[in-house]
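Here's the structure, in structure tokens; my notes come after.
Where a number appears in this text, it was derived from the coordinates with a stated rule and is not lab data. This one's a predicted model, so the numbers in the text were calculated from it and none came from an experiment. Cβ atoms come from the backbone with ideal geometry, glycine included; neighbour counts cover every protein chain shown.
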Amino acid sequence: MASAEAQLRRRHRGRRRSRAGDGLLPGDTARHHRRGGGGGRLHRERQLRSQHHHHPCQLRHPRVDPVLPPQPRALQPARGRDGLLDHLLNTACGAPTELITPQDIKQLCPLVDITGGGRYPVMGASHHLGGASARHDRVVWAYAQGAMRAGVHVLQGTPVVDLLRDGDRVVGVRTPAGDIGAGVVMSAAGGDVTQLVGAAGLRLPVRTHPLQAFVTNGYAQTLGPIVSSTEFLAYVSQTARGQMLIGHEYEREQSFSLQSSFQFLQSCSAKMSYMLPFLRDLKILRQWTGRCDISADQGSTGTR
């Protein structure tokens, strides 16, 4: 008898822990039990929000590293007259940039080969003291934290699979966990926006292009500034671990594929090795591909 009573107590405690940790707010829990699992879209939306909503301190994998490096600098070596004029364009756009000589380049970044391997000699460079590459994941977390402090519900791990329409109006979104209605639906889906709105029969003046990058093993010597090239359309920066992050402009062909290519590795590494010969001795750790949304202000999109 005592054993049976102990089992009942353990089960009762387990139910209480389950209810306390099921992700529902107290009001939603009460409504859930009153309705026996609940019907109605409003109830499901409240339950969905409460299950997936997190306070800023409860974000999954929050990033605490700074958005920008401690000493942001950007160096853009140039091989011709057009490249040497980039500093004037930057300055006119509000980013003060100075034109420096090949000797100045060697002082700022000794790893740069100003002879370009004998094929691409460097004539000078644009030096932007405030230039930097922001940590994009940290920027996203900062926006999410700020939005939640303002009362926005952020549903993590909840992809939007379709848009809900009422005639010509979009009235909500569909997720694997349920539908969410809204008076206004905004899209910040980046390169996935064309597929998302296409499901609702809409077309936007936006194209989707793949963008690739790769990272090498760590390198003991400090690179210093971000080194980029408008002629090669590529850039190199060093991570906090000493790894070299190398990227290229987006692919010219439109695609939704996230598959990385050997052609990109071969082309990008060959170009940047002329400027930074030490890259030839490093090993590639990983490579990845993302999607870019290219809007009409960057060229014709083919959509009227």
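Count Lys and Arg as plus one, Asp and Glu as minus one, and take only other residues whose Cβ is under 12 Å from that of His209; the net charge is then -1.
The label point for Phe256 and the one for Ala150, both projected 7 Å from the Cα toward the Cβ, are 3.0 nm apart.
For Asp82 and Ala142, the difference between the fully extended length at 0.36 nm per residue and the C-alpha to C-alpha distance is 17.9 nm. For segment 229-257 versus segment 78-148, the inter-centroid distance based on Cα atoms is 14 Å.
A simple spin-label model places the labels of Gln263 and Leu89 2.6 nm from each other, with each point 7 Å out along Cα-to-Cβ. Counting neighbouring Cβ atoms within 10 Å and putting the fewest first, the residues Cys268, Cys292 line up as Cys292, Cys268. A crude spin-label estimate for the pair Glu98 and Leu285, with each label 7 Å from Cα along the Cβ direction, gives 3.4 nm.
The Cβ shell under 14 Å around Asp162 holds other residues with a net charge of -1, Lys and Arg each +1, Asp and Glu each -1.
The H on the amide N of Gly124, modeled in the peptide plane, is under 5 Å from the matching H of Ala78, each at least 5 residues off or on a different chain. With a sphere of radius 12 Å drawn around the Cβ of Phe256, what net charge do the other residues whose Cβ falls strictly inside it have (Lys, Arg +1; Asp, Glu -1)? Residues near Phe256 contribute -2 overall.
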